[in-house]
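To keep things clear, I will list the structure first and then write my remarks on it.
Laboratory data are not the source of any read-out in this text; all were calculated from the coordinates shown. No experiment lies behind these values; they were computed from the predicted model shown. Here the Cβ positions follow ideal geometry from the backbone for every residue, glycine too, while neighbour counts run over all protein chains shown.
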Amino acid sequence: MLANMMKNQREKAEEFLSLHDRKRTFVLPNAWDVPSARVFEDAGFRAVATSSAGMMVSLGYPDGELIDRKALVGAVARIARVLSVPLSADVVSGFGKSVGQVLDTVRKIMNVGAVGINIEDVDHSLKQLFPMQKQAEKIKSLLRLREELRVPFVINARTDALRFYQGTEEERLEEAIRRSVAYRDAGAHCVYPMGLVESAAISKFVEAVDCPVNVMIRKGLPPLEDLKRLGVARVSFGPAASYAVMGFLKRISQSP
C-alpha cells in the first residue's frame, strides 16, 4: 500500500517537474483550503499550489511564520488528500533558523503528499534577506532530501530582493538576478522574483538566469501571451483568488 502511494507521489512529482518547460508557460492557481483546491482541479488546471497568505488568513493567522508548523502541515495534508493533480506547498522560509529545521518542515510536507515547495529567502522576524550563500546551502540540502525521500519534488526558490534589498530599482533587480542564479546553481528547478512585473525587467531577468522563471499575477503584470513571449515558464495566482473571494463576501454583506 505504502509503495503504491509513493509511486503515485513520484509520478505526480515527475509530472509537475515536466510542466516547468521554458518553451511553454503554465498557470498555477494558489488554493487556500480544500474547496478552493477542488474548484481549481475541476476547472482543468494541471497542478495546484497553496497560497501562504490565503491559507494563513483562513486559519486565523497573518501571513508569515506565526502559524504553528503542525497546523500548516495539517492544512496541506487535507488539500493533498482531495487532489489527483500535483500539489506544491508554500513553506514560506521553511519554519526554522537552521538547515535541519527547514529540512524537517519540508520532509513533513512531502510526507503528507505535496510534490513541490515554494521557499523564500527572507527572515520574516527581521524583515531582512538571508545571506545568499546561506540560502543556497538550504537549497543544496533540499536536493539531498529529494534523494533520501525518492520523491523528485520541485524546488521553487523565491527571492524578495526587489522588496528588501537596499538600493536603486536597478540595483535591486541585479541583486534578484544574482541571488536567483546562485539558487539555480544550488539546484532550484525554478526561481521566483517576487514583485517583478515590468516587461523589460522580466525580459532581462529571464535571459540572465537562464532557467524556468515564476512570476505572480498582480497589477501591472503583462498579459499571459506577452509572458509566454518573454519566456516565463510559470505564472502563479498568489493570494489574488483568496482576496477576490473575501472582496466578494464583503460586497454582498453590504448589500441591502
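Here are some notes:
- Using a Gaussian network model of the chain in which every pair of alpha carbons under 10 angstrom is joined by a spring, one finds that among 88, 18, 242 the greatest mean-square fluctuation is at 18.
- Of 157, 233, 201, the one that fluctuates the most in a GNM where the chain has Cα springs shorter than 10 Å: 201
- Where N is the number of residues in the chain, Cα Rg divided by 2.2 N^0.38 Å: 0.97
- For the chain, the mean residue ellipticity at 222 nm estimated from helices alone is -16000 deg cm²/dmol, where every DSSP H run of n ≥ 4 contributes -39500 (n - 2.57) and the total is divided by all residues, rounded to the nearest 500.
- Under 5 Å, built H, 5+ apart or other chain: amide partners of residue 94: 120
- Here r is the Cβ-Cβ distance between residue 59 and residue 144 and R0 is 30 Å; the resulting FRET efficiency, rounded to 0.05, is 0.45.
- Point-to-point label distance, residue 210-residue 224, nm (Cα→Cβ direction, 7 Å offset): 3.0
- Relative contact order computed over the stretch 2-253 (Cα-Cα under 8 Å; 6+ residues apart), in percent: 21
- Most simply put, the stretch 111-256 has about 15% antiparallel DSSP beta bridges, counting only bridges with both residues inside it.
- Karplus (6.51, -1.76, 1.60) ³J(HN,Hα), θ = phi - 60°, over the stretch 227-232, in Hz, Gly and Pro reported as x: 5, 4, 5, 7, x, 6
- When you filter the trypsin sites (Lys or Arg not before Pro) in the stretch 18-82 for DSSP loop state and at most 13 other Cβ atoms inside 10 Å of their Cβ, you are left with 23, 24.
- Taking each residue as 0.36 nm, the span from residue 170 to residue 200 lengthens on full extension beyond its C-alpha to C-alpha distance by 9.6 nm.
- Per-residue extension of 0.36 nm, minus the Cα-Cα distance of residue 163 and residue 99, leaves a gain of 20.7 nm for this segment.
- With both labels modelled 7 Å from their Cα along Cα-to-Cβ, the residue 254 to residue 185 distance reads 5.1 nm.
- Applying 1/(1 + (r/R0)^6) with r as the Cβ-Cβ distance of residue 246 and residue 123 and R0 = 25 angstrom yields a FRET efficiency of 0.35.
- Taking the DSSP bridge list for the stretch 2-253 and keeping only pairs wholly inside it, about 10 percent are antiparallel.
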